[in-house]
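The values are calculated or read from the model by the stated rules, or taken from the named source; none is laboratory data. Computed from a predicted structure; not experimentally measured. We place every Cβ from the backbone using ideal geometry, glycine too, and count neighbours over all the protein chains shown. Side chains are part of the model used for accessible areas, which takes the heavy atoms of the whole protein and leaves out ligands, DNA and RNA. Shrake-Rupley method; radii C 1.70, N 1.55, O 1.52, S 1.80 Å.
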Amino acid sequence: MDARQALALARRVIAGEPVKGYEELYAAFLEMRVLFNKPPSWYERALARAILGVRQVGERHWFVPGLPGDYYPFYSVWLSVDGRYKCDCHSRSFGRSREKAICTHIAGVMVSRRWRRLKRDLGIATS
Ligand SMILES: [Zn+2]
């Protein structure tokens, strides 16, 4: 799946369309929707990154795929010792303006972790 297909799929999931195999991703989106008040494009980009594959490379460190409109093909997100997510886009272009808002790279990690947990928990509940 390429980035445009992932964005299209993310839009369908966010719209509440039943997409086979992505039921838990919709649940993860709903959790994010409770936590944040963001425009639809913010969720779309976060879900698309999770669909493309957020890769955990350390206990508190993830690689997040870029999307059209990003400057880099990958971003590095980590949990700092104070428990806050950090992204290397903060130290790159437009970092200062992005640091105040939660970037969609971090949101992608949050969605991905919720999605993984829900797949595990709901899989046990329905089996
Ligand atoms: Zn970022």
(request) Pick out which of ILE106, ILE51, ILE14 has the largest mean-square fluctuation in a Gaussian network model of the chain, springs linking Cα atoms closer than 10 Å. (result) ILE14
(request) Please give the per residue volume of the convex hull enclosing the alpha carbon atoms of the chain, rounded to a whole number of Å³. (result) 121 Å³
(request) Mind giving me the nanometre distance, one decimal, between the label points for VAL81 and ARG11, set 7 Å out from Cα along Cα→Cβ? (result) 4.5 nm
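Pulled fully out, how much extra length does the chain show between GLU31 and ARG117, if you take 0.36 nm times their separation in residues and subtract their Cα-Cα distance?
Details: separation 86, 0.36 × 86 = 30.96 nm, distance 1.19 nm.
So the chain would gain 29.8 nm between GLU31 and ARG117.
I need the calculated FRET efficiency for the pair LYS38 and SER91, taking r as the beta carbon distance and R₀ as 25 Å, to the nearest 0.05.
On the way: r = 22 Å, r/R0 = 0.90.
The formula returns an efficiency of 0.65 here.
Pop out the carbon and sulfur fraction of the accessible area of the stretch 3-126 as a percent, whole number, probe 1.4 Å.
Numbers: 3920 of 7200 Å².
Answer for the stretch 3-126 is 54 percent, counting heavy atoms of protein chains only.
Taking only complete DSSP H runs, can you tell me which helices of the chain stretch 15 Å or more along their own long axis by Cα positions and average at least 1.0 on the Kyte-Doolittle scale? Numbers along the way, then the final one.
On the way: long enough: 3-14 (16 Å, 0.54); 23-35 (19 Å, 0.58); 40-52 (18 Å, 0.03); 104-126 (31 Å, -0.28).
Sorted by number, there is nothing, because no helix extends far enough and scores high enough.
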(request) Would you mind telling me which residue in ALA15, ALA101, ALA46 has the biggest mean-square fluctuation in a Gaussian network model of the chain, where springs connect alpha carbons within a distance under 10 angstrom? (result) ALA101
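Are there trypsin sites (Lys or Arg not before Pro) in the stretch 1-100 that DSSP puts in a loop and that have at most 15 other Cβ atoms within 10 Å, and which ones? The partial results should precede the final answer.
On the way: sites: ARG4, ARG11, ARG12, LYS20, ARG33, ARG45, ARG49, ARG55, ARG60, ARG84, LYS86, ARG92, ARG96, ARG98, LYS100; in loops: LYS20, ARG60, ARG84, ARG92.
Passing sites in the stretch 1-100 are LYS20, ARG60, ARG84, ARG92.
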